[in-house]
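The values are calculated or read from the model by the stated rules, or taken from the named source; none is laboratory data. Just so you know, these numbers come straight off a predicted model, no measurement behind them. With ideal geometry, Cβ positions are generated from the backbone for all residues, glycine too; neighbour counts draw on all protein chains shown. Keep in mind that these areas ignore ligands, DNA and RNA; they rest on the heavy atoms of the full protein, side chains included. Shrake-Rupley method; radii C 1.70, N 1.55, O 1.52, S 1.80 Å.
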Amino acid sequence: MSNGEFFFYLFVYASILTYLVLGFIIAFESLLAMYGVKSALRWIREWHSPSGYKTMLIIFLPMIQLGYLFLEVLPHILGFNGELKRFDLDRIYHKVFGEEH
């Protein structure tokens, strides 16, 4: 393996792992915001700009949907959760930043 090939694989694996870790964090805080957890709403408002958060919602949409599947849909199917909360990115965004943005 040459140095160029090594650094290429290093870059690819580091990018994938970074996406997974940041995606898990954004997904978790977005799902908490979907439920209206006040500390999550404060955290997002403090650390993210409205346009940056909207971009992250779009970039990490697969991770958010995966979190929604494991934390909302599967418990509903298994009977642990009575009501299935509807997944909507616009509603999450407006719950965090309101209608003015």
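Read through the labelled values (1) 16.7, 56; (2) 13.2, 38; (3) 16.8, 48 and report the label of the one computed as Rg and Dmax of the Cα atoms in Å from the structure.
The value computed from this structure is option (1).
What's the carbon and sulfur percent of the chain's accessible surface, probe 1.4 angstrom, rounded to a whole number?
Working: 4850 of 7000 Å².
About 69 percent, which is the carbon plus sulfur part of the accessible surface.
Short version: ³J(HN,Hα) in whole Hz for each residue of the stretch 66-75, in order, from phi by Karplus 6.51 cos²θ - 1.76 cosθ + 1.60 (θ = phi - 60°), x for Gly and Pro, what are they?
Here the 3J(HN,Hα) series is 5, x, 4, 4, 6, 9, 10, 6, 4, x Hz.
Under 14 Å from the 7 Å Cα→Cβ point of L20, by amide nitrogen: which residues of the stretch 55-86?
Taking a point 7 Å out along Cα→Cβ of L20, the residues of the stretch 55-86 whose backbone N falls under 14 Å are 63.
Counting only heavy atoms of the protein chains, get the accessible area per residue of the chain (1.4 Å probe) and round it to a whole Å² value.
69 Å²
Search the structure for amide H atoms under 5 Å from the amide H of N81, placed 1.01 Å from N in the peptide plane, and list their residues when 5 or more places away or on another chain.
Result for N81 returns H76.
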